[in-house]
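J.: Pasting in a structure now, in structure tokens, and then I'll have a few things to ask.
The values are calculated or read from the model by the stated rules, or taken from the named source; none is laboratory data. Remember, predicted model here, so these are calculated numbers, not experimental data. Note that we place each Cβ from the backbone using ideal geometry, even for glycine, and neighbour counts take in every protein chain shown. Note: areas computed on protein heavy atoms with side chains; ligands, DNA, RNA excluded. Shrake-Rupley method; radii C 1.70, N 1.55, O 1.52, S 1.80 Å.
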Amino acid sequence: MPERRTVALVTLGCARNEVDSEELAGRLAADGWELVEEASDADVAVVNTCGFVEAAKKDSVDALLEANDLKDHGRTQAVVAVGCMAERYGKELAEALPEADGVLGFDDYADISDRLQTILNGGSHASHTPRDRRKLLPLSPVERQEAGMDVALPGHGAPADLPEGVAPASGPRAPLRRRLDTSPVASVKLASGCDRRCSFCAIPSFRGSFISRRPSDVLGETRWLAEQGVKEVMLVSENNTSYGKDLGDIRLLETLLPELAEVDGIERVRVSYLQPAEMRPGLIDVLTSTPKIAPYFDLSFQHSAPDVLRAMRRFGDTERFLELLETIRGKAPQAGVRSNFIVGFPGESEADFAELERFLTEARLDAIGVFGYSDEDGTEAVSYDNKLDADVIAERLDHLSRLAEELTAQRAEERLGETLEVLVESVDGEDGAVGRALHQAPETDGQVVFTTGDGLVPGRIVMAKAVDTEGVDLVAECLPEEAGR
């Protein structure tokens with residue numbers, strides 16, 4: 001009888017990382033590894049790291065150190081780093097963090113089982129030397145699909161990618177994926193990489209150039225998730241508005257969304273990571289008028305002062321962004337909108353900061369993320385002059401964060417009296433019943449707290465009325481004889 005091998009995956013960062021972890025879980029399960037929830041119960045703890053900003057890197061290092069501590073008083077024998085931070089720094093991370101028994105890059109994912117077994121047996125696997133992954137695919141998008149067959153693209157895996165003699169346990173229709181929780185919500189990767197060259201962002205260098213998944217793969221994975229009990233799928237990538245450009249149709253998302261909405265068992269499809277400069281009238285129409293497609297707009301504004309946006313190598317300004325929001329709300333008045341913003345970017349003047357305040361005050365966003373600028377290795381902005389003092393950045397960050405909290409609370413109050421379509425996510429005795437309306441994405445936005453959990457079960461869609469607020473959250477009561485599903 002084969003020796004029992006256990007592995008736990010600890011995921012940090014964004015929803016894209018969650019998809020990658022479930023692909024790793026699928027590969028490991030197919031090769032006989034037993035997946036366990038707690039790192040303390042696993043022979044090997046695999047930490048899927050985030051390498052986006054300094055705070056996320058610190059969280060990743062802390063998670064690796066915490067897992068390493070388990071080796072002194074638990075079952076855990078090895079701790080392995082994967083994910084963006086591991087890919088971005090490779091040997092450098094391995095040398096700086098000897099507590100990690102292995103640092104594996106994206107190219108190791110296809111052989112993850114062998115890599116972990118080697119490490120578990122006391123061997124070692126040489127950490128990679130990071131490289132610019134944008135150079136692995138052709139410059140021309142239309143030439144990338146064929147070339148992409150030979151490039152590691154986490155989250156794009158299919159059962160055919162497994163070693164010979166290893167088959168997925170869930171059947172021929174299943175993707176190369178194993179769910180790590182029982183949530184009624186799951187993310188589906190639409191594409192990988194990014195062709196934009198924002199001066200503050202290092203993601204394209206370690207995630208690579210933009211490459212779309214084929215619609216049939218996205219549909220197949222969505223059908224499989226529906227069979228697993230998923231009710232809402234969230235489409236994720238570095239830039240969903242570019243989907244299809246390497247498949248010969250930049251409007252492919254407008255075609256794919258209605259097909260996803262028709263998948264049996266799926267009650268809601270949500271699209272994240274939209275670029276304002278790439279929003280098309282047809283895409284807005286599909287997002288605001290297609291049944292089961294959430295009228296939700298996760299728009300990456302980053303700032304609104306034109307001089308700052310140009311320095312960021314981005315497009316737009318306050319008036320254009322407000323016009324875009326007006327167009328969206330003209331078609332779907334209850335549409336949800338969220339965005340992230342960077343304050344203290346090199347050269348940001350007091351007038352620029354005031355312009356950003358003006359935009360936020362007029363935009364009526366449902367959720368706002370605010371980050372203070374910090375230099376990121378390998379980005380153009382590192383070389384910029386006119387860097388702001390740390391105390392100025394901290395002061396602006398504090399001011400805008402407090403304003404954002406106030407504005408999103410006001411926006412929640414504007415929704416009082418609205419009829420909400422709510423997906424119930426959890427029901428328990430202490431916290432009651434909690435769910436999310438169409439304008440609320442998982443993890444990043446507010447939520448709906450029900451006045452009573454009677455008759456509610458996770459995964460059910462109910463109609464409810466917003467009767468109160470708790471900051472950005474809504475308090476709601478189910479409508480009598482509601483037409484839920």
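J.: In whole angstrom, how far apart do the alpha carbon centroids of the range 32-52 and the range 66-140 sit?
T.: Going from one Cα centre to the other spans 12 Å.
J.: Pairs of alpha-carbon atoms within less than 8 angstrom and 6+ residues apart define the contacts here; what relative contact order does the range 71-217 have, in percent?
T.: Taking the mean separation of contacting Cα pairs over the length of the range 71-217, I get 22 percent.
J.: Let me ask something else. Expected output is a single nm value to one decimal: the length gained when fully extending between D249 and Q410, i.e. 0.36 nm times separation in residues minus the C-alpha distance. What is it?
T.: 54.0 nm
J.: Still on this model: Could you do me a favour and compute the accessible area per residue for the chain, 1.4 Å probe, result in Å²?
T.: I get 43 Å² per residue for this part.
J.: Once the Cβ-Cβ distance between D69 and S374 is put in as r, and R0 is 25 Å, what FRET efficiency do you end up with, to the nearest 0.05?
T.: 0.30
J.: Please report the equivalent ellipsoid semi-axes of the range 204-277, computed as sqrt(5 x eigenvalue) of the Cα gyration tensor, largest first, in whole Å.
T.: 22, 13, 12
J.: Fully extended, how many nm does the chain gain between E143 and R329 (0.36 nm per residue separation, minus their Cα-Cα distance)?
T.: Difference between extended and current length: 63.2 nm.
J.: Using +1 on the beta carbon of Lys and Arg, -1 on that of Asp and Glu, and nothing else charged, what's the dipole of the chain about the Cα centre, debye to 20?
T.: Its charge dipole is roughly 1540 debye.
J.: Another question, then. Just how many % of Cα pairs in the range 59-153 lie over 19 Å apart, if you round to the nearest whole percent?
T.: Percentage above 19 Å: 47.
J.: Something else: Taking the Cα centre as origin and putting +1 on Lys and Arg beta-carbons and -1 on Asp and Glu beta-carbons, what dipole magnitude results for the range 254-354, to the nearest 20 debye?
T.: Dipole about the Cα centre, nearest 20: 100 debye.
J.: Would you kindly derive the ³J(HN,Hα) couplings of the range 216-221 from the backbone phi angles with the Karplus curve 6.51 cos²θ - 1.76 cosθ + 1.60 (θ = phi - 60°), listing them in order in whole Hz, with x for Gly and Pro?
T.: Coupling constants for the range 216-221: 5, 5, 5, 5, x, 5 Hz.
J.: Also: Sorted by mean Cβ packing within 10 Å, highest first, what order do the peptides 401-414, 3-16 take?
T.: Highest-to-lowest ranking by the protection proxy: 3-16, 401-414.
J.: May I ask which residue of V475, A160, G435 lies farthest towards the positive end of the charge dipole of the chain, with charges of +1 (Lys, Arg) and -1 (Asp, Glu) on Cβ and the Cα centre as origin?
T.: Checked the options; the winner is A160.
J.: Bin width 10 Å, origin at 0, all Cα-Cα pairs of the range 199-350: what percent of pairs per bin?
T.: With 10 Å bins starting at 0, P(r) equals 10, 36, 34, 16, 4, 0.
J.: Using amide H atoms built in the peptide plane, which far-off residues or other-chain residues are under 5 Å from A476 H to H?
T.: Those qualifying (amide H under 5 Å, at least 5 residues apart or on another chain) are V449, F450, T451, V467.
J.: I need to check one value: relative contact order of the range 296-393, counting alpha carbon pairs closer than 8 Å and at least 6 residues apart, in percent.
T.: Relative contact order comes out at 33 percent.
J.: Please work out how much accessible surface E470 shows to a 1.4 Å probe, ignoring ligands, DNA and RNA, in Å² rounded to 10.
T.: 110 Å²
J.: Tell me, what HN-Hα J-couplings in whole Hz come from the Karplus equation 6.51 cos²θ - 1.76 cosθ + 1.60 at θ = phi - 60° for each residue of the range 403-413, using x for Gly and Pro?
T.: 5, 4, 4, 5, 5, 5, 5, 5, 5, 4, 5
J.: Here's a follow-up. Can you list residues from other chains, or at least 5 along the same chain, whose modelled amide H is less than 5 Å from the amide H of G369?
T.: S339, N340, F341
J.: Turning to a different aspect of this structure: How many nm separate the modelled label positions at V392 and S124, each set 7 Å beyond the Cα in the direction of the Cβ?
T.: The answer from the label model is 4.6 nm.
J.: Something else: Among K58/K387; K135/K331; K57/K135, which pairs are too far apart, with a Cα-Cα distance over 30 Å?
T.: Among K58/K387; K135/K331; K57/K135, the Cα-Cα distance tops 30 Å for K135/K331.
J.: In cubic angstrom, how much convex hull volume per residue do the alpha carbon atoms of the range 355-463 span?
T.: It comes to 160 Å³ per residue, whole-number rounded.
J.: Ignoring ligands, DNA and RNA, how do R115, R358 rank by accessible area with a 1.4 Å probe, largest first?
T.: Highest to lowest solvent-accessible surface, that is R358, R115.
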